[in-house]
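Peer 1: Pasting a structure below so you can have a look.
Every number here is computed from the coordinates shown, using simple stated rules; none is lab data. Keep in mind that this is a model prediction, so the values were computed, not measured. Here the Cβ is made from the backbone with ideal geometry for all residues, glycine too, and neighbour counts use every protein chain on show.
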Amino acid sequence: MKIIAGNWKINGSVAELDSMISVLNEIDTENNLIICVPFTMLNCKKSDRISIGAQDVSTHEHGAYTGEVSAKMIAESGAKYVIVGHSERRQYHNETNDIVNQKALRVLESGLMPIVCVGETLDQKNAGQTFSVIENQVTESTNGLENYILAYEPVWAIGTGLTATTQEIADVHEYIRKLTSANLLYGGSVKGANSGEIMSILNVDGVLVGGASLKPDDFLPIIKSV
């Protein structure tokens with residue numbers, strides 16, 4: 001069984017999510033299917049086959065923090081997973097490993113499963129810093145976590161059409177496996193044409209999919225590739 005998670009980012013609608021769930025309910029698969037959606041779609045049509053997740057969470061449990069959403073609120077919506085530390089949060093919102101760790105702890109405390117994202121930039125990759133950057137992110141972002149999923153998403157491969165080679169994915173996942181026993185996902189321009197090969201790599205327990213998770217015609221081939 002593989003974990004196949006979609007990250008819709010600021011895309012989609014309740015109607016589109018309901019349609020996606022209806023389609024996925026009809027397929028025969030043992031894979032663990034997750035769709036991480038905007039907060040407004042968390043309390044959507046429920047399915048025993050597909051789990052819903054959020055894309056971010058507050059470090060705070062409650063209080064005067066306008067615009068924030070707590071892990072408890074996400075749990076009350078019926079969601080099961082929360083992405084924390086996505087590269088876009090790290091880059092555009094200056095989230096440090098410590099902030100990511102605080103969020104992941106809140107998620108776990110609320111009975112949800114954190115999907116902790118790590119990954120190097122193109123400059124870091126070209127400077128030969130991939131393993132040191134990944135080790136630092138994994139160690140600090142997951143400090144004190146008893147249970148979590150880890151997603152390796154090379155920043156240079158997100159939304160660029162570029163995908164790490166199978167050897168690069170294998171090397172990084174082998175390195176991460178020495179740091180954690182968590183389920184390991186790969187993300188970065190995953191699509192139906194490459195998902196089967198990616199998920200056949202040792203230590204790759206599934207994928208975190210961006211744009212290709214928005215439409216059934218794109219998402220189904222990924223699910224059916226394993």
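Peer 1: Computed over the Cα atoms of segment 1-98, what is the ratio Rg over Rh, Rh following Kirkwood? Working shown, then result.
Peer 2: On the way: Rg = 14.3 Å, Rh = 14.4 Å.
We get a ratio of 0.99 for segment 1-98.
Peer 1: So for GLU140, GLU120, GLU26, fewest C-beta neighbours within 10 Å to most, what's the order?
Peer 2: Ranked by crowding around the Cβ, least crowded first: GLU26, GLU140, GLU120.
Peer 1: From the alpha carbon gyration tensor of segment 77-174, can you work out the equivalent ellipsoid semi-axes (sqrt of 5 times each eigenvalue) and give them in Å, largest to smallest? Spell out each step's value before the answer.
Peer 2: On the way: eigenvalues 114, 37, 35 Å².
Here the semi-axes work out to 24, 14, 13 Å.
Peer 1: Here's another thing I want to ask about it. Could you let me know the centre-to-centre spacing of segment 135-190 and segment 1-57, using Cα atoms, in angstrom?
Peer 2: Here the answer is 22 Å between Cα centres.
Peer 1: Sticking with this one: Mean residue ellipticity at 222 nm from the helices of the chain, using -39,500 (n - 2.57) per DSSP H segment of n ≥ 4 over the full residue count, to the nearest 500 deg cm²/dmol?
Peer 2: Result for the chain, helices only: -10500 deg cm²/dmol.
Peer 1: Related question: Mean 1/r over all different Cα pairs, inverted: what Kirkwood radius does segment 107-223 give, in Å?
Peer 2: Computed over segment 107-223, the radius equals 14.6 Å.
Peer 1: Could you work out the mean projected area of the convex hull around the alpha carbons of segment 3-224, in square nanometres to one decimal? Show your work: numbers first, answer last.
Peer 2: Numbers: hull surface 45.6 nm².
The directionally averaged projection comes out at 11.4 nm².
Peer 1: Label-point separation (nm) for SER77 and GLU61, each offset 7 Å from Cα along Cα-to-Cβ?
Peer 2: Using points 7 Å along Cα→Cβ, the separation is 2.1 nm.
Peer 1: Under 16 Å from a label point 7 Å along Cα→Cβ of SER200: give me every residue in segment 210-226 with its amide N that close.
Peer 2: Counting backbone N atoms under 16 Å from the label point, the list is 222-226.
Peer 1: Express the relative contact order of the chain as a whole percentage, based on alpha carbon pairs under 8 Å and six or more residues apart in sequence.
Peer 2: Details: 437 pairs, mean separation 44.9, N = 226.
This gives 20 percent for the chain.
Peer 1: Calculate, for MET1 and PHE131, the FRET efficiency according to 1/(1 + (r/R0)^6) with r their C-beta to C-beta distance and R0 35 Å; round to the nearest 0.05.
Peer 2: 0.75
Peer 1: Still on this structure, please answer the following. For a quick check: sort LYS2, LYS215 by the number of other beta carbons within 10 angstrom, fewest at the front. Intermediate values should be presented prior to the final figure.
Peer 2: On the way: LYS2 21, LYS215 14.
Neighbour counts put them in this order, fewest first: LYS215, LYS2.
Peer 1: To make sure I understand, if each residue's beta carbon is the centre and we count other beta carbons within 10 Å, what order do ILE99, ILE10 fall in, fewest to most?
Peer 2: Working: ILE99 17, ILE10 6.
Placing the least packed residue first, the sequence is ILE10, ILE99.
Peer 1: If you stretched the chain out fully between ARG49 and ILE27, how much longer would it get, using 0.36 nm times the residue separation minus the C-alpha to C-alpha distance?
Peer 2: So the chain would gain 7.0 nm between ARG49 and ILE27.
Peer 1: Another one. I need the peptides 187-193, 220-226, 32-38 ranked by packing, meaning the mean over residues of other C-beta atoms within 10 angstrom, with the highest value on top. Present the calculation step by step, with values, prior to reporting the outcome.
Peer 2: Values: 187-193: 20.9, 220-226: 18.6, 32-38: 22.9.
Final packing ranking: 32-38, 187-193, 220-226.
Peer 1: When the chain is modelled as a GNM with alpha-carbon springs shorter than 10 Å, which of THR40, THR166, THR59 fluctuates the most?
Peer 2: Of THR40, THR166, THR59, the most mobile in the Gaussian network model is THR40.
Peer 1: Go ahead and run the numbers for FRET between ASN11 and GLU174, Cβ-Cβ distance against an R0 of 22 Å, rounding to 0.05.
Peer 2: Once the sixth-power term is evaluated, E becomes 0.10.
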